[in-house]
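This report refers to the structure that appears directly beneath it.
Every number in this text was worked out from the coordinates using simple rules, so none of it is lab data. All values reported here derive from a predicted model rather than from experimental measurement. Ideal geometry is used to build each Cβ from the backbone, glycine not excepted, and the neighbour counts take in all protein chains shown.
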Amino acid sequence: MLRGKERAALRAQANKMQAILQIGKNGIEENLITQVDDALTARELIKIKVLDTSMEDPREVADFFAKELSAEVIQVVGFTVVLYRKNPEKK
């Protein structure tokens, strides 16, 4: 569980980032879950964009990935989700 200052620092970092994954009309599929898992392992902090064509709610997407992949939801703003998961192998 992150504290307020840690979460604020991660939000500041995420402001400069581009979304690396998008969720479209197909919603959340198995290959997307794998991609998000790999991205969290490699980068720790990622941004996901939920497109207008998607039937998914951004808050539900964030909660799903947080539960499924043991990640932390940093923020959900509009259609953008920011997730964080510490990689113990990274320094």
key: Qualifying aspartates and glutamates (Cα of each under 20 Å from Cα of residue 49; at least 8 residues distant if same chain)   = 29, 30, 37, 38, 57, 60, 63, 68, 72
remark   = Under the helix-only model (-39500 (n - 2.57) for each DSSP H run of 4 or more, divided by the residues of the chain), the mean residue ellipticity at 222 nm, to 500 deg cm²/dmol, is -13000 deg cm²/dmol
request  = Evaluate the distance, in nm, between pseudo-label points positioned 7 Å from the Cα of residue 33 and of residue 70 along their respective Cα→Cβ axes.
outcome  = 1.6
request  = Just subtract the alpha-carbon distance of residue 87 and residue 55 from 0.36 nm times their residue separation and send over the number in nm, one decimal.
outcome  = 8.4 nm
request  = Take every DSSP beta bridge with both residues inside segment 4-84 and express the antiparallel ones as a percent of the total, to the nearest 5.
outcome  = 75
inquiry  = Can you give me the distance in nm between label points at residue 13 and residue 44, each placed 7 Å from the Cα along the Cα-to-Cβ direction?
reply    = 0.5
query = What lysines sit close enough to residue 5 to cross-link, taking a C-alpha to C-alpha distance under 22 Å and skipping anything fewer than 8 places away on the same chain?
reply = 16, 47, 86, 90, 91
query = Starting at 0 and stepping by 10 Å, how many percent of the alpha carbon pairs of the chain end up in each bin?
reply = 17, 56, 24, 3
